[in-house]
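A quick write-up on the structure given underneath.
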Amino acid sequence: DSGVTQTPKHLITATGQRVTLRCSPRSGDLSVYWYQQSLDQGLQFLIQYYNGEERAKGNILERFSAQQFPDLHSELNLSSLELGDSALYFCASSVATGIRANEQFFGPGTRLTVL
Amino acid sequence: TQLLEQSPQFLSIQEGENLTVYCNSSSVFSSLQWYRQEPGEGPVLLVTVVTGGEVKKLKRLTFQFGDARKDSSLHITAAQPGDTGLYLCAGLDNYGQNFVFGPGTRLSVLP
């Protein structure tokens with residue numbers, strides 16, 4: 001158990017809908033990362049937050065947005081869903097400072113299926 | 001965008017054999033990490049290497065960071081079926097801005 005929690009574990013929805021994925025980082029970790037993993041794309045970095053502020057942005061679509069709240073939990077919002085958005089979505093957290101700044105601890109993931 | 005390449009893409013070996021997988025880039029990385037991922041689960045951190053030429057051992061796993069900090073290798077001695085999984089390298093570029101994962105090496109160790 002990494003200490004990172006994600007909900008829900010599974011999500012099935014229809015094209016055009018909007019969903020919210022939730023992540024709680026390990027106790028003491030200030031940084032949260034979101035990743036998308038599909039069979040043909042590998043693990044794709046979406047976005048990173050540090051203590052409530054956006055720190056780095058990867059290949060995140062404009063239909064997707066995220067935020068980190070004062071209690072450090074994070075939400076990833078996916079809207080106007082398309083079939084191609086079906087994937088595993090992982091959240092990871094790290095202390096984000098010092099030599100181990102980027103050692104990331106991953107949650108169990110949310111499997112999104114868009115029908 | 002700095003890329004990490006991994007080879008081989010797939011590797012299937014018998015229990016007890018040794019193996020090495022590689023992670024390469026044309027860019028310098030301030031640090032590299034190795035993760036192992038099992039199907040349907042999140043990656044699990046194995047090690048971080050920071051210093052060029054560094055060698056770290058974790059039981060039967062030996063990790064090496066290249067002198068120029070552009071490549072890394074993972075050597076497994078006497079592989080066991082429990083080593084089966086997707087091995088990912090990941091790194092933060094030398095500017096400290098972009099964190100990238102390699103595509104992974106999928107290892108299968110047969111009993």
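Readers should treat all values here as calculations from the given coordinates under stated rules, not as data from a laboratory. Remember, it's a predicted structure, so these values are computed and weren't measured experimentally. Glycine also receives a Cβ, built like all others from the backbone with ideal geometry; neighbour counts cover every protein chain displayed.
Would you kindly give the portion of the calculated P(r) for region B:1-92 that falls above 15 Å, as a percent of all Cα pairs?
Here the tail beyond 15 Å accounts for 58 percent of pairs.
Using DSSP to call loops (not H, G, I, E or B), can you name the chymotrypsin sites (Phe, Trp or Tyr not before Pro) in region B:7-111 whose Cβ has at most 11 other Cβ atoms within 10 angstrom? Could you put the intermediate results ahead of the total?
Details: sites: B:F10, B:Y22, B:F29, B:W34, B:Y35, B:F63, B:F65, B:Y87, B:Y95, B:F99, B:F101; in loops: B:Y95.
For chymotrypsin sites (Phe, Trp or Tyr not before Pro) across region B:7-111 that sit outside H, G, I, E and B with at most 11 neighbouring Cβ atoms in 10 Å, the list reads B:Y95.
Along the Cα→Cβ direction, 7 angstrom out, place labels at A:I12 and A:I60. What is the inter-label distance in nm?
Simple spin-label model gives 2.9 nm for this pair.
Which trypsin sites (Lys or Arg not before Pro) does region A:1-109 hold that lie in a coil by DSSP with at most 15 other beta carbons within 10 Å?
Working: sites: A:K9, A:R18, A:R22, A:R26, A:R55, A:K57, A:R63, A:R100; in loops: A:K9, A:R18, A:R26, A:R63, A:R100.
For trypsin sites (Lys or Arg not before Pro) across region A:1-109 that sit outside H, G, I, E and B with at most 15 neighbouring Cβ atoms in 10 Å, the list reads A:K9, A:R18, A:R63, A:R100.
Please give the Cα centre distance for region B:39-111 versus region A:68-115, rounded to the nearest Å.
After rounding, the separation between the Cα centres reads 21 Å.
Binned at 10 Å from 0, what are the whole-percent values of the Cα-Cα distance distribution for region A:1-104, short to long?
15, 50, 29, 6, 0
Can you sort B:L58, B:L74, A:L39, A:L61 by how many other beta carbons sit within 10 Å, fewest first?
A:L39, B:L58, A:L61, B:L74
Kirkwood Rh over Cα pairs of the protein assembly as shown into Stokes-Einstein at 25 °C, 0.890 mPa s: D in µm²/s? Before the final figure, lay out each step's value.
Values: Rh = 18.0 Å.
In µm²/s, the coefficient is 136.
Per 0.36 nm of contour for each residue apart, how much would the distance between B:S12 and B:S30 grow if the chain were fully extended, relative to their Cα-Cα spacing?
Roughly 3.3 nm would be gained on extension.
As an exercise, identify the GluC sites (Glu not before Pro) in region A:17-95 lying in DSSP coil whose Cβ has no more than 12 other Cβ atoms within 10 Å.
Sparse-neighbourhood loop GluC sites (Glu not before Pro): A:E62, A:E82.
Using a 10 Å cut-off around each Cβ of peptide B:28-39, what is the average number of partner chain Cβ atoms that fall inside?
Taking all residues of B:28-39 together, the mean is 2.
Can you give the average number of partner chain beta-carbon atoms within 10 Å of each beta-carbon in peptide A:100-108, as a whole number?
So the per-residue partner count for this stretch is 6.
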